[in-house]
Amino acid sequence: MAKIPGPPSFDGLKRRMAKHRAENPPRKKDHFVRETYCLGLIDARAKAREWFDEYPKAAYWTEVESWRQLDGDRIEFTMRRLPSAD
């Protein structure tokens, strides 16, 4: 019977990741304000509309950054906007 090889070593990958992190320091944090919500479908729509009404997209670059549908008709979503319109 032939011996089945084990999983590959991750040493090379670890070295490359460490080198990349050393050569590329983390970027400055962007200046967006984010808030994440987990609401029912109707409430999620209302909360998103509230953000767009309070922080117009043209001035604050407001957007739904990400969203996903959870069990029980719940929506988890992240709203993003600039801190000011200036």
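The lysine pair count for the chain, using Cα distances under 23 Å and pairs eight or more places apart or on different chains, is 4.
Rounded, prolate or oblate: which one fits the stretch 1-69, using the alpha carbon gyration tensor with axes a ≥ b ≥ c (rounded when a/c is under 1.5, else prolate when a/b beats b/c, else oblate)?
Note, shape of the stretch 1-69 comes out oblate.
Among beta bridges identified by DSSP and lying wholly in the chain, the antiparallel ones come to about 100 percent.
Remark on Val33: its backbone amide H falls under 5 Å from those of Arg81, Leu82, a criterion applied only to residues 5 or more positions apart or on other chains, H modelled at 1.01 Å from N. For the stretch 31-85, the relative contact order is 48 percent, taking Cα pairs closer than 8 Å that sit 6 or more residues apart in sequence and dividing their mean separation by the residue count. For the pair Glu23 and Arg45, label points projected 7 Å from Cα toward Cβ lie 5.0 nm apart. Note on exposure: Lys57, Lys3 ranked by accessible area (1.4 Å probe, complete protein assembly) read Lys3, Lys57, with the most exposed listed first.
Can you give the helix-only mean residue ellipticity at 222 nm for the chain, where every DSSP H stretch with n ≥ 4 adds -39500 (n - 2.57) and the sum goes over all residues, rounded to the nearest 500 deg cm²/dmol?
-10500 deg cm²/dmol, from helical runs alone.
Solvent exposure of the stretch 31-85 amounts to 69 Å² per residue of accessible area, where only protein heavy atoms count and the probe is 1.4 Å. Other residues whose C-beta falls under 13 angstrom from the C-beta of Glu35 contribute a net charge of -1, scoring Lys and Arg +1 and Asp and Glu -1.
The values are calculated or read from the model by the stated rules, or taken from the named source; none is laboratory data. In this text the structure is predicted, and so the values were computed from the model without any measurement. For neighbour counting, all protein chains shown are included, and Cβ atoms are generated from backbone atoms with ideal geometry for every residue, glycine included. Protein only, heavy atoms only, side chains kept; ligands, DNA and RNA dropped before computing areas. Shrake-Rupley method; radii C 1.70, N 1.55, O 1.52, S 1.80 Å.
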